[in-house]
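I'd like to ask you about the structure that follows.
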Amino acid sequence: MTTHVLFEGEPGVIVDDGDVIIEGVELADLVKRAANAARDADRVELCGGVGVDDAARVIEVIGGGVEVRVNRYGFESLEQVAAYKASFETGEAGGALFLYGATVSTPLARHEGVVVAGVADREALIERVREARGHGVGIVELYGGLGASAAADVRDAVDGALPVGFID
């Protein structure tokens, strides 16, 4: 299954491992980029920062042929997400950490406002999130097959100190 992740950020593909593509887009281009992504992907995953109106437009344009999912946060993360959003708007937020399921784990890679890594197992997941926390990330989002169980592992690894979003 090919998963194409879209987030609002510096335009361009930051990951393409054959199974997962992660691409930054300008919000004005989100629907167009999602439609393009749906041509080659089995699933389109949208960043937790994408609003419900934009997500609904993406779903409407793509139709039923490709699954569209939106990153979500557990209730325990909502206050932290609100604090991150406020600090993001003032330019004070730490970067976002995007982790995705991969056949082979990859080292952390920095891109404009985003740190990203593929993780092949729970051990790599915990290792990457702890390493990224040391670099000051302020929020974690999980993609490409990393769901609620992985999110719980991340919350535990950071003692609940960071908001963790996931695709359910």
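Nearest 5 percent is fine: what portion of the DSSP beta bridges confined to region 3-70 is antiparallel?
Of all bridge pairs located within region 3-70, approximately 20 percent are antiparallel.
May I ask for the Kirkwood hydrodynamic radius of region 77-166, worked out over all distinct Cα pairs and given in angstroms to one decimal?
On the way: mean 1/r = 0.0780 Å⁻¹.
Taking every pair of different Cα atoms in region 77-166, averaging 1/r and inverting gives 12.8 Å.
Could you put Glu45, Glu112 in order, starting from the residue whose Cβ has the fewest other Cβ atoms within 10 Å?
Final ranking by Cβ density, sparse to dense: Glu112, Glu45.
Please compute the length gained on full extension between Val52 and Met1, using 0.36 nm multiplied by the number of residues separating them and subtracting their Cα-Cα distance.
Gain on stretching Val52 to Met1: 15.8 nm.
Per the helix-only calculation at 222 nm, which mean residue ellipticity applies to the chain, given -39500 (n - 2.57) for every DSSP H run of n ≥ 4 and division by its residues, nearest 500 deg cm²/dmol?
-10000 deg cm²/dmol
Within region 77-166, what percent of beta bridges assigned by DSSP are antiparallel, to the nearest 5?
20
Rounded to the nearest 5, what % of the DSSP beta bridges within region 1-40 are antiparallel ones?
Counting DSSP beta bridges with both partners in region 1-40, the antiparallel share is about 40 percent.
Quick check on packing: order 61-72, 5-16 by the mean number of other C-beta atoms within 10 Å, highest mean leading.
5-16, 61-72
Throughout, read-outs are computed from the coordinates displayed, never taken from laboratory work. Computed from a predicted structure; not experimentally measured. So basically every Cβ, Gly included, is an ideal-geometry build from the backbone, and we count neighbours across all protein chains shown.
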